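So the structure is just underneath, and the comments pick up after that.
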Amino acid sequence: MINRAGFKVWPAQVDSLMLKHPDILEACVVGTPDPRNGEEVKAYVVLREPGRNKKISEMEIVEWAKKEIGGYKYPRIVEFIESLPKTATGKVDWRKLQERGK
């Protein structure tokens, strides 16, 4: 759970909503420290087409998420990555991503 300015954000809920974007193959939402809000919602995104990040920007994803998810839940920070780290069982290792964002 991410605590953004006193509001609870469930990463799995935002993950599933992010996957509705036509250019997103995988997404993992984590909390990252923020001096103003305590934590901020950050999304690590793998695009469907490698190299597509030259055609779509992080801010375009943020603006799309703002419209689709809205409120306090949408990620204010988006980072494109080649692939999400996985555990031995094949699940996304969100802890590695959270550590990377600190």
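What is the order of Tyr72, Tyr44, fewest Cβ neighbours within 10 Å to most? It would help to have the intermediate numbers written out before the result.
Values: Tyr72 15, Tyr44 26.
Ranking Tyr72, Tyr44 by Cβ neighbours within 10 Å, fewest first, gives Tyr72, Tyr44.
Per residue, the average separation of C-alpha pairs within less than 8 Å and at least 6 apart gives the chain a relative contact order of 27 percent. Site pair Lys67 and Lys96 shows an inter-label distance of 3.4 nm when each label is modelled 7 Å from Cα along Cα→Cβ.
Throughout, read-outs are computed from the coordinates displayed, never taken from laboratory work. Computed from a prediction, not measured in an experiment: that's the story for all the values here. As a convention, Cβ positions derive from the backbone with ideal geometry for all residues, glycine included, and neighbour counts pool all protein chains shown.
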